[in-house]
Amino acid sequence: MSELLRLLKQGNKSAIIAACVNAIIAILKAVAYFITGNVAMFAEMLHSIGDAANQFFVFIGSALSKKAPTDRFPEGFGRLVNLVLLGAVLIVGIMSYETVKEGIHHIIHPAHSAGIVINLTVLIAAVILEAFVLFKAMKEVLHETGVEASGIQIATKSFGAYKKAKPATKLVFLEDFVATAGGVLAIVAILLSHYTMFAQAEGVASVMIGGMMFFVVGRVFLDNAAGVLGESDTEIRNKIGDMVIKDPDVKDIQEITVLKEGEHLHVELEVELDASITIAEADDIKDRLVEAISNERGVTDVIVEFDEDDGVQTWKENSLQTNDPKGK
């Protein structure tokens, strides 16, 4: 139990905050839907339920992925967060389908709903809360990717950096962006339906919200399927390679692999040294390289191997090769 509590303390903070906030929002939307029968509110209710469940599982997965390696799993549990996220998107997928189905039904059989004051009050409160969580996720994205920003730049720069964030943070960012946008869309639809003859507005909004949810499902599924299979990080690979090749004792880089293990990076490196170097000197070089590489953001495991210089240069600085590990 003590180990579980220790791991939970290391879980993704953005995910647990988002899960709690979305659970509160889901309850408010459920009450409003059962009172008014508003289909846009139904879509938003399912959206918030899906988000709350999803983000709770993400928090658990991100925490358990930090469990230390065991004899049975010597490579650790880093990819567990990817597996949890693959399971979590199924929840959002089901909610997306129900949202679209209900929206289409309302478009075909439009009906005016009551309780505009209740609906708007709940939705405005939900948008404010979801925007708060989104802002927290934006700051977390910038923190994890090492991007400096303040004021309005927090919003603009986070959209350019979120793809490089940790899997759990990325999912929270995407879900809460869609949740905030969906809430605004639902407000517009309710106003249109109430003050115009366009009774299908709520159904159209429901379909659009469901479509945005499907986008999140697709994006998260593709990212985490790659993570489960074992995805390399080409940008960090090139950065580490260019740093290592500048070491005065490194003649060349035979091979370098940077593998994503959930939220962590595993680096394997084979470099060429002068054949006359002693074991003691090689050991000093290894310690120096391991320390330098470990300072890179996200790197938790470094393996360095040596080979004698063959006189053929295989690594070129700023190499952008992705298929050949030697950069040819």
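Side notes on the structure shown:
- Members of Lys170/Lys246; Lys29/Lys101; Lys66/Lys139 lying beyond 30 Å, as alpha-carbon distances in this model show: Lys170/Lys246
- Acute angle (nearest 10 degrees) that the helix 234-245 long axis makes with the longest principal axis of the chain, alpha-carbon atoms: 20
- Nonlocal amide H pairs with Gly76, under 5 Å, H built at 1.01 Å: Thr70
- Built amide H within the under 5 Å cut-off of Asp252, gap 5+: Glu272
- The distance linking segment 176-196 with segment 204-275 is 38 Å (Cα centroid to Cα centroid, whole angstrom).
- Between helix 39-64 and the chain: long-axis angle, C-alpha atoms, 0 to 90°, nearest 10: 30
- Between amide H atoms placed 1.01 Å from N, distances below 5 Å from Val299 occur with Leu265, all of them 5 or more places distant or on a separate chain.
- Solvent accessible area, Å² - Glu235, 1.4 Å probe, full protein context: 110
- Of the solvent-accessible surface of the chain, computed with a 1.4 Å probe over protein heavy atoms with every protein chain present, carbon and sulfur atoms account for 63 percent.
- Identified option (computed Rg and Dmax of the Cα atoms in Å; candidates (1) 19.6, 66; (2) 19.7, 62; (3) 24.6, 86): (3)
- For segment 69-114, the calculated P(r) over all alpha carbon pairs, in 10 Å bins from 0 to the bin holding the longest distance, is 21, 25, 20, 15, 11, 8, 0 percent.
- Per-residue Karplus couplings for segment 190-197, computed as 6.51 cos²θ - 1.76 cosθ + 1.60 with θ equal to phi - 60°, are listed in order as 5, 5, 5, 5, 7, 9, 10, 8 Hz, Gly and Pro entered as x.
- Cα-based helix-to-principal-axis angle, 201-229 vs the chain, degrees rounded to 10: 20
- For segment 225-307, average projected area of the Cα convex hull in nm²: 5.2
- Backbone phi angles across segment 2-11, fed through the Karplus curve with coefficients 6.51, -1.76 and 1.60 (θ = phi - 60°), yield HN-Hα couplings of 5, 5, 4, 5, 5, 5, 4, 5, 9, x Hz in residue order; Gly and Pro are listed as x.
- Phi-derived couplings, Karplus 6.51 cos²θ - 1.76 cosθ + 1.60 at θ = phi - 60°, listed residue by residue for segment 74-79: x, 8, x, 10, x, 7 Hz, with x used for Gly and Pro.
- Å² per residue, accessible surface of the chain at 1.4 Å: 49
- Per residue, the chain reaches -22500 deg cm²/dmol at 222 nm when only DSSP H runs of four or more residues are counted, each adding -39500 (n - 2.57).
- Positive-end extreme of charge dipole, the chain - chosen from Phe159, Ile240, Ile116 (charges on Cβ): Ile116
- Heavy-atom accessible area order for Ile187, Ile118, largest first, 1.4 Å probe: Ile118, Ile187
- Cα Rg, Dmax (largest Cα-Cα span) when computed across segment 1-130, Å: 18.5, 62
- Relative to the current alpha-carbon distance between Thr278 and Leu229, full extension at 0.36 nm per residue lengthens the span by 13.7 nm.
The values are calculated or read from the model by the stated rules, or taken from the named source; none is laboratory data. Quick caveat, the model's predicted, so the values are computed rather than measured. Every residue, glycine as well, gets a Cβ built from its backbone with ideal geometry; the counts of neighbours run over all protein chains shown. Please note that ligands, DNA and RNA were not included when accessible areas were found on the heavy atoms of the full protein model with its side chains. Shrake-Rupley method; radii C 1.70, N 1.55, O 1.52, S 1.80 Å.
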